[in-house]
Every structure is written in C-alpha cells, then in structure tokens.
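A.B. asks: Before I ask anything, here is the structure I am working with.
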Amino acid sequence: MDREEIQATPWYLEPYEGESISHYFGRFRRHELVCISSPANLSKAAGIGPVLARWEKFRFNPFPTQEQLAAIGKLIGLEADRLTEMLPPKGEKMKLEPIRLCAACYTDQPYHRIEWQFQSTAGCKRHKLRLLSKCPGCQETFVIPALWEKGECQRCYMPFKTMVKRQKVY
C-alpha cells in the first residue's frame, strides 16, 4: 500500500506532531470505525503478542522492533516510521510514573506529548511552565494517556484546560 491508499482506509487516524504512542493508540481504539476496547485485542489482531499494553504505559523494554511496528502499522494503516516518531529517541530514558501534563499545551492542542515523559524534561519549553504530575484539584495522579478520552481528571473531572492557572513557572 502506498501512503495515499493507507490514508484512504476508513479507520486511518493521523498522528499529531509529537503525540505519544499511548495517546495515539487510545484515540485509535476509540475511533468510531474501530471501537477496540483493549490494547490486547489490537495487539492480537496484529499478531504481535501483548506488547501494546506495555507501550501504552511507556514500558519500552525491550524496545519495539521494526517487525512489531510494521505489523501493527499494516493493520492500522500507518507506516512503521510514523509509529517510530511516537517513541522516545534512542538513549532517552522514560519517566513511567507519574504521567505528566502541560495543561497549556493541552489547551492549545488536546493530546499527550511523548516528550513530557522523558526523564530529561522538567518543564514545557514552549510555555515555560512546570509539568503537572497530578490533578491540582484533587491531587490524583493522571491515568495513562491512552485513557484520556475527555481531557479531564478521572477522579474529580477537572478539565485539563482549567489546570493551566495552577502550573508554576519553569
């Protein structure tokens, strides 16, 4: 399949610039033409074993192989190279927990950025704000981005966009 044929599939979902693989697969699984409830079901359909559940939690040990990325890419209509862009660069260590958020970025464009989970990232370079690691309203840590369906705290329902005023300067 060439790029135009892939994008013509009814379930094609364009990744956002810098989007984390966790957020992307959550969006993909909720897509109205896909509706796959768990990462295990999508992994099974691609024939790659239960790796997608690990990837959605930013657990990349072992790192996804080109074969795995190609298999899931073929199933969802996305090139393996595009999936690779949603992973950390070689040598970049991940902060698995807590899940972090720049509410100002999320307000601009509502999706989780992979760079927020890099251990080397302390704050948002664009907005010069520290990343949030828990809801400022109820202090609950954020769920994995694959589950960010409504852009709000899963416990108290505070919208991410209202959290901006609680972010400290970086």
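A.B. asks: Using a Cα-Cα cut-off of under 26 Å, which lysines could be cross-linked to LYS74, ignoring same-chain neighbours fewer than 8 residues away?
C.D. replies: Reachable lysines: LYS44, LYS57, LYS90.
A.B. asks: Still on this structure, please answer the following. In segment 41-143, with Lys and Arg counted as +1 and Asp and Glu as -1 at Cβ, which of these residues, GLY47, ILE99, TYR111, has the Cα nearest the positive end of the dipole, that is, farthest along it?
C.D. replies: ILE99
A.B. asks: ³J(HN,Hα) across segment 127-135 via Karplus (A = 6.51, B = -1.76, C = 1.60, θ = phi - 60°), whole Hz, x for Gly/Pro?
C.D. replies: 9, 6, 10, 5, 6, 7, 10, 7, 5
A.B. asks: Something else now. Counting Lys +1, Arg +1, Asp -1, Glu -1, what net charge surrounds LYS134 among other residues with beta carbon under 15 Å of its beta carbon?
C.D. replies: +3
A.B. asks: While we're here: Counting Lys +1, Arg +1, Asp -1, Glu -1, what net charge surrounds ALA70 among other residues with beta carbon under 10 Å of its beta carbon?
C.D. replies: Net of charged neighbours comes to -2.
A.B. asks: Right, another one. For segment 95-152, what % of the accessible area comes from carbon and sulfur atoms, probe 1.4 Å?
C.D. replies: 46
A.B. asks: By residue number, which cysteines of the chain lack any other Cys whose Cβ falls under 4.7 Å from their Cβ?
C.D. replies: For the chain, the answer is CYS35, because their Cβ atoms have no other cysteine Cβ under 4.7 Å.
A.B. asks: Okay, next question. For ALA40 paired with ALA70, estimate the spin-label separation in nm (one decimal), with each label point 7 Å from Cα along the Cα-to-Cβ line.
C.D. replies: 2.8
A.B. asks: Stretched out fully, how many nm does the piece from GLU97 to ARG54 gain, at 0.36 nm a residue minus the Cα gap?
C.D. replies: Answer, rounded to one decimal: 14.2 nm.
A.B. asks: What's the tally of Lys pairs in segment 101-170 whose alpha-carbon atoms lie under 17 angstrom apart, where the two lysines are 8 or more places apart or on different chains?
C.D. replies: Final tally of qualifying lysine pairs is 10.
A.B. asks: Okay, next question. Over segment 112-170, what number does the Rg to Rh ratio reach, with both radii from the alpha-carbon atoms and Rh per Kirkwood?
C.D. replies: 0.94
A.B. asks: For segment 1-116, go through all pairs of different Cα atoms, get the mean of 1/r, take its inverse, and jot down that Kirkwood value in Å.
C.D. replies: Averaging 1/r across every pair of different Cα atoms and inverting gives 14.7 Å.
A.B. asks: At what distance in nm do the modelled label points of THR107 and GLN139 sit from each other, each positioned 7 Å from its Cα along Cα→Cβ?
C.D. replies: Distance between the two pseudo-spin positions: 2.5 nm.
A.B. asks: Please return the longest range in the chain lying between exposed loop sites, taking GluC sites (Glu not before Pro), DSSP loop only, at most 12 other beta-carbon atoms within 10 Å, and leaving the sites out.
C.D. replies: 33-148
A.B. asks: What is the extension gain from ARG30 to LYS168, computed as 0.36 nm multiplied by their sequence separation minus the C-alpha to C-alpha distance, in nm to one decimal?
C.D. replies: 46.4 nm
A.B. asks: Hey, another quick one. Given a 1.4 Å probe and the protein chains all in place, what does the accessible area of MET86 round to, in Å² to the nearest 10?
C.D. replies: Its heavy atoms expose roughly 0 Å² to the probe.
The values are calculated or read from the model by the stated rules, or taken from the named source; none is laboratory data. Given the structure is predicted, the values throughout are model-derived calculations rather than measurements. Note that each Cβ is placed from the backbone with ideal geometry, even for glycine, and that neighbours are counted across all protein chains shown. Surface accessibility is based on the protein's heavy atoms, side chains included, excluding ligands, DNA and RNA. Shrake-Rupley method; radii C 1.70, N 1.55, O 1.52, S 1.80 Å.
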